[in-house]
Amino acid sequence: MKAVVFPKSGLITEQGTLLQWTASEGDRVEEGQLLCEVETEKTTIEVTAPVSGLLRKILVEEGGKGPVGMTLGWIGEADEEIPEVKEVPTLPGAPVAKPTPATDARPRPQRAAGGGRLRASPAARKLAADSGIDLAEITGSGPGGAITTGDVERAIEAAVVDVDAERVPMSSMRRAIANQTQESFQQAPHFYLTLEADAELLSEGRPEGVSITHCLIRAAGLSLREFPQMRAQLQGQEFLIPHAVHVGLITAVEGGLVVPVIRDADQLSLAEIADKVRALVENARAGKLSAGDASGAAFSITNLGMYDVETFHAIIHTPESAILAVGTVMEKPVVKDGSVVPGKRMALTLSCDHRVVDGVIAAQFLGRLKGLLEDGSELGLK
């Protein structure tokens, strides 16, 4: 006879609450099969069968609480004697998790289509029951496909959508964007820095055929050369810092976004950058962007100034560690030499991955980029 034990896992706290069993007394289970889930203050732990056999006894019911190391149940064969049941340890104020006799008619887990057991937390089951939602119609997003309260809430929202509404399937590009941005925002701890740059020179001092975006790319290239940490990428326990300074430009195309890459942006003139950007964007919007032209960026820029957006926070384009969001050029009163005069300002917002970049480095980088844009001489505006 083998005990099913609430295991210790990493920095787990000393107590937990049994959320649900996925097997019932008398069921045959296989070694490694998920048996139950225990919730701690920090995480939910999946408890698996230590051996193959029959789940002979469940000692802790759903909602029962106890410490790490407590026996949750017993697995053995039909002819094996169940060890003497001792009082299950509980914590002060916790519902007592009493042993249940073998004849106890405890409710069996609801089954999904095809006969498999449907896994859902007690809170999700209650919410579904109160809302008239069939759990069997929900795909779970929790551990091992378990249904969470969030899954039920989304099903409730979907149930009230007008049945006459148009349903549009996601394109492969849209799915890729959704997956990439979700992964980036969940895994990379973003922080943001915003400052305003004097855009007078950018607005009026550009050569023919050169846009503000072209100036931004060159300024970013020169700044990235001086601040290599801003182009670092996290790979396991190491930082990968590319020697080349390649800058990505977030570009809208039909159905989504692509990121053509301006290679060696720190070594190109404004005119060269303008030519490369025009060719890349034309290919991107024609669906002819090669894999080489859409990979390898160390840093990206997204500009919504042409849509009169004043400021916004962009999601980092992983595996990069930073992205620059650029707003529109705004006419506003500014103070110069102690007097209020008309001016043109532009908001620059830097999103950074705090695992790679710290605030001081990011601020220095953004200040350098601002200085390049305002002075213009190193960009070739003077």
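Here are the numbers for this structure:
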{"quantity": "Test: residue in segment 141-151 that is without any contact (Cβ under 8 Å) to a residue 24 or more places away in the chain, in a helix (DSSP H, G or I) and farther than 30 Å from residue 253 by Cα", "calculated": "yes"}
{"quantity": "Residues of segment 275-297 that turn out to be at pLDDT 95 or above and in contact with a helix residue (DSSP H, G or I) (Cβ under 8 Å, 6 or more places away or on another chain), as a count", "calculated": "2"}
{"quantity": "Condition met for residue 23 (more than 29 Å from the chain's Cα centre (by Cα), more than 21 Å from residue 120 (Cβ to Cβ), part of a loop (DSSP other than H, G, I, E, B) and at pLDDT 90 or above)", "calculated": "no"}
{"quantity": "Test: residue in segment 264-275 that is in contact (Cβ under 8 Å) with a residue 60 or more places away in the chain, over 26 Å from residue 202 (Cβ atoms) and part of a loop (DSSP other than H, G, I, E, B)", "calculated": "no"}
{"quantity": "Options 9, 52: the member that is among the polar types (S, T, N, Q) and modelled with pLDDT of 90 or more", "calculated": "52"}
{"quantity": "Extreme residue, modelled with the highest pLDDT, among residues of segment 155-175 that are assigned to a helix (DSSP H, G or I) and exposed (fewer than 14 other Cβ atoms within 10 Å of the Cβ)", "calculated": "175"}
{"quantity": "Filter result for residue 367 (in a loop (DSSP other than H, G, I, E, B) and either modelled with pLDDT of 95 or more or assigned by TED's automatic domain parsing to the domain that holds residue 224 (or both))", "calculated": "no"}
{"quantity": "Filter result for residue 326 (farther than 16 Å from residue 227 by Cβ, in the same structural domain as residue 270 (by TED's automatic domain parsing) and over 20 Å from the mean Cα position of the chain (by Cα))", "calculated": "yes"}
{"quantity": "Subset of segment 53-73 (residues that are touching a Gly at 6+ places or on another chain (Cβ under 9 Å) and either closer than 15 Å to residue 25 by Cα or without any contact (Cβ under 8 Å) to a residue 24 or more places away in the chain (or both))", "calculated": "53, 54, 55, 56, 57, 58, 59, 60, 72"}
{"quantity": "Residue list for segment 243-258, filter: modelled with pLDDT under 95, closer than 21 Å to residue 184 by Cβ and outside any strand (DSSP E or B)", "calculated": "255"}
{"quantity": "Only one of 172, 184 that is over 15 Å from residue 371 (Cα atoms), small (Gly, Ala, Ser) and in contact (Cβ under 8 Å) with a residue 24 or more places away in the chain", "calculated": "184"}
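The values are calculated or read from the model by the stated rules, or taken from the named source; none is laboratory data. Since we're looking at a predicted model, the values are computed, not measured. Cβ: placed from backbone, ideal geometry, glycine included. Neighbour counts: every protein chain shown.
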